[in-house]
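I have placed the structure first, in the form of structure tokens, so that the comments after it can refer back to it.
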Amino acid sequence: MSSIGTSLLRRSIIVKETLIHKADPRTKFLFFLWISIWAYIFYDYVLTTIFLIGIIILAIIGKILKRILLSVAVIVLPWMALGVPILSVLFPWNSTLMYKIEIFGWQIPFYYEGFAWGLTWPLRIGVCITSALLFYLTTNPANLIALLFKLKLPFRFIYAFAAATQLIPLLVDEAGTIYQAQLSRGLRTDVGIIKRIWNFLILIVPLTLSSLTKVQIRAIALESRGFSAPVIKTCPYDIRFKNIDYVFFIGIAIATLIMVYVYTVYGFSPIVHLKQYFISG
Amino acid sequence: MFKQEVISFQNFSYSYPTKRNVLIDINLKVYKGEVLGIIGPNGAGKSTFCKSLNGLVPHFYGGSIKGNVIVAGMNTLEHTVAELSTKVGIVFQEPENQLSGLALTVEEEVGFGLSMLGFKKELIRERVKEAIEKFGLKGLEKRSPFELSGGQQQRLAIATIFAMKPEVMVLDEPAALLDPIGKYEVFSTIKELIAEGSTIVIAEHEIEEIAYLTDRILFLKEGKIISLDNTRNVLSEISKLKEAGIDPPSVTELTYVLEKELGNKFDQYPIKLSEAVKLYSEVLKIK
């Protein structure tokens, strides 16, 4: 696995004393849901870019900018680089011609609809992932588990959540170990694509089995320490809304009013108006 | 010497869903403050024995069971693993896999079990401080548990269990995957626990260490009790041990071989180096 991928997936809470870290996990989770829903309501790459910039500003406050930019670089930019040229040409609903490029004597038309799709979808996914990371990277997992118990969510759900937070780092560690073991036993990497796919399958089986075993052992360890005990869990931290949370709520409320206004006046895609300017020159 | 009964196996037999007769007709009692060692070849049922003490067998693994295991007055069949966690603490082989994965620092990890059991914050702080000091984790409190060495992680696992103050501590080959320094750290920690008067059940391949640590030994083979006696008597059964593929302590085996070779009869076999030095000094003086 690439070093970027590995560092993204690794056990990842970043311990800092920032306003974002101090905010209640519920506030951050609400923000993640709120901004993701708005990113999907509006089909508009300008607005979605503004959402993403907003998240980046919060990431700067939370001192996790590097990780957020890394995820944007890994997830958003490659999809854009791939999606924009392909969809601008081949998107089934293309109708508004922007310009033509001559390649090897061929006139290739580029259309606005595909271009907008190619930009908007990676940005939407980027908003979801970065806002989720903002929540995940700045929230203490033990605190979060205690909060889930406090919210009286079903035990099975909490257990599944805990296992999921542990599974990714385990998989990353294990994949590295198995890959190195197979390399040292003569697995060739300078081979064609079919052989590489086969190599991947060879990796998948032991990876799945050993990761399941490890997750089971950890589940046993958690259970042996009273994870499912039917008592009110003690949270090592103070879980209650603070001033920063109320500031957040006010900000969300104001932004919601603005967005509702934009939606009712301009519709789900305000960029259409910009398109008119673009087309009319 | 030991009076109060803490563990009682009553005609206990167990089969996993995929493997039959892993433990067969186990009957024994362990008393408060006693250290019971469990030895046996691979597949003898040592780990299953340990897991039956805190209810993982059968609650987690399923399978069929006969008889009862009573720990600190609680029948493991009638109580959940979480309920039993206040009575029995268990430490496994792999240091990293038994970390909760949900705590960011060593002190949070130590307090994790107590938090899950709903202890008061003040008590958690007190217990965490005590466990950290006792098991040499001072100075590492703010470190991530995943940054520690194997030996430190295993000490952390023991400290975590210790903080919960269970009546019985079960150690399932706690040093099996560690390097020599890690092993030394873990066995030093176990000696601390023994000095505290804890009731301990320890499954271990390191027979030399077992000789130093335990009061009695349960010798298992293919799920059955081969011997259950004081440490010296079990470790002196050289041929039985050898037959099961277990190497007795070097000094005990040496004495056994010398007895055969020279025809000398020793009253008892030494099981520790200090005992061997004393015995051979006397023998050499006589010569």
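The values are calculated or read from the model by the stated rules, or taken from the named source; none is laboratory data. As the structure is a computational prediction, the values presented were derived from the model and not from experiment. A quick note on method: Cβ atoms are made from the backbone with ideal geometry, for glycine too, and the neighbour counts reach across all protein chains shown.
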Discussion item. Please return the ranges of helices (runs of 4 or more DSSP H) entirely within region A:29-114 where 3 or more residues are under 27 Å from residue A:19 (Cα atoms).
Written reply: A:45-61, A:65-71
Practice prompt. Would you please name the residue that is surrounded by the most Cβ atoms within 10 Å (Cβ to Cβ), looking only at residues in region B:84-110 that are within 16 Å of residue A:226 (Cβ to Cβ) and without any contact (Cβ under 8 Å) to a residue 12 or more places away in the chain?
Written response: B:101
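Let's see how each residue does on (1) over 23 Å from residue A:255 (Cα atoms); (2) touching a Gly at 6+ places or on another chain (Cβ under 7 Å):
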position	(1), (2)
A:25	no, no
A:31	no, no
A:52	no, yes
A:57	no, no
A:66	yes, no
A:71	yes, no
A:115	yes, no
Worksheet item: Hey, among the residues in region A:199-250 that are within 27 Å of the chain's Cα centre (by Cα) and basic (Lys, Arg), which one's farthest from residue A:179 (Cα to Cα)?
Response: A:242
Fill in: Matching residues, region B:94-128, being in a helix (DSSP H, G or I) and facing chain A (nearest Cβ under 8 Å)
B:97, B:98, B:108, B:111, B:112, B:113, B:114, B:115, B:116, B:121, B:124
Response to the item:
So, first residue more than 7 Å from chain B (Cβ to nearest Cβ) and free of Cβ contacts under 8 Å to residues at least 40 places away in the same chain in region A:214-243, second residue surrounded by fewer than 18 Cβ atoms within 10 Å (Cβ to Cβ) and part of a loop (DSSP other than H, G, I, E, B), Cβ within less than 9 Å, six or more apart or across chains; the pairs are A:216/B:60; A:230/B:80
Worksheet item: Which of the residues spanning region B:51-68 are farther than 22 Å from residue B:193 by Cα and crowded, with 24+ Cβ neighbours inside 10 Å?
Response: B:55, B:57
Worksheet item: Can you name the condition, by its number, that residue B:91 falls short on among (1) more than 22 Å from residue B:145 (Cβ to Cβ); (2) within 14 Å of another protein chain (Cβ to nearest Cβ); (3) among the β-branched types (Val, Ile, Thr)?
Response: (1)
Worksheet item: Which residues, taken from region A:104-119, are more than 14 Å from residue A:72 (Cβ to Cβ), out of contact with any strand residue (DSSP E or B) (no Cβ under 7 Å at 6 or more places or on another chain) and in contact (Cβ under 8 Å) with a residue 40 or more places away in the chain?
Response: A:116
Item to complete: Could you list, in sequence order, all residues of region A:4-57 that are at pLDDT below 80, surrounded by 15 or more Cβ atoms within 10 Å (Cβ to Cβ) and charged (D, E, K, R)?
Response: A:11
Discussion item. Yes or no: region B:274-281 includes at least one residue that is crowded, with 18+ Cβ neighbours inside 10 Å, modelled with pLDDT of 90 or more, of a type in the set (Asp, Glu) and not in a loop (DSSP other than H, G, I, E, B).
Written reply: yes
Discussion item. Please go through region A:211-250 and give me each residue that is within 14 Å of residue A:24 (Cα to Cα), at pLDDT 85 or above and surrounded by fewer than 20 Cβ atoms within 10 Å (Cβ to Cβ), ordered by number.
Written reply: A:241, A:242, A:243, A:244, A:245, A:246, A:247, A:249
Fill in: From the options A:239, A:158, A:220, A:232, residue that is under 26 Å from residue B:157 (Cβ atoms) and not in a helix (DSSP H, G or I)
A:232
Discussion item. Go through region B:208-223 and report how many residues are surrounded by fewer than 22 Cβ atoms within 10 Å (Cβ to Cβ) and under 21 Å from residue B:26 (Cβ atoms).
Written reply: 4
Fill in: Odd one out for residue A:88, checked against (1) surrounded by fewer than 18 Cβ atoms within 10 Å (Cβ to Cβ); (2) over 29 Å from residue A:137 (Cβ atoms)
(1)
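With the condition kept exactly as written, say whether any residue in region A:96-103 is more than 15 Å from residue A:129 (Cα to Cα), out of contact with any helix residue (DSSP H, G or I) (no Cβ under 7 Å at 6 or more places or on another chain), in contact (Cβ under 8 Å) with a residue 40 or more places away in the chain and of a type in the set (D, E, K, R).
No, region A:96-103 contains no residue that is more than 15 Å from residue A:129 (Cα to Cα), out of contact with any helix residue (DSSP H, G or I) (no Cβ under 7 Å at 6 or more places or on another chain), in contact (Cβ under 8 Å) with a residue 40 or more places away in the chain and of a type in the set (D, E, K, R).
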Worksheet item: Quick one: what pairs do we get from region A:138-151, first residue within 17 Å of residue B:109 (Cβ to Cβ), second in a helix (DSSP H, G or I) and among the aromatic types (Phe, Trp, Tyr), C-beta under 7 Å, 6+ apart or different chains?
Response: A:142/B:112
Worksheet entry | Residue list for region B:1-47, filter: of a type in the set (Val, Ile, Thr) and modelled with pLDDT of 95 or more | B:6, B:7, B:22, B:24, B:26, B:30, B:35, B:38, B:39
Practice prompt. Could you please tell me which pairs satisfy a Cβ distance under 9 Å, a separation of 6+ or placement on different chains, a first residue in region A:120-132 that is closer than 15 Å to residue A:69 by Cβ, and a second residue that is among the charged types (D, E, K, R) and in a helix (DSSP H, G or I)?
Written response: A:131/A:28
Practice prompt. Name the residue, out of A:139, A:130, that is surrounded by 18 or more Cβ atoms within 10 Å (Cβ to Cβ), outside any helix (DSSP H, G or I) and modelled with pLDDT of 75 or more.
Written response: A:139
Discussion item. Looking at B:133, B:147, B:78, B:167, can you tell me which residue is surrounded by fewer than 19 Cβ atoms within 10 Å (Cβ to Cβ), within 23 Å of residue A:235 (Cα to Cα) and more than 10 Å from every other protein chain (Cβ to nearest Cβ)?
Written reply: B:133
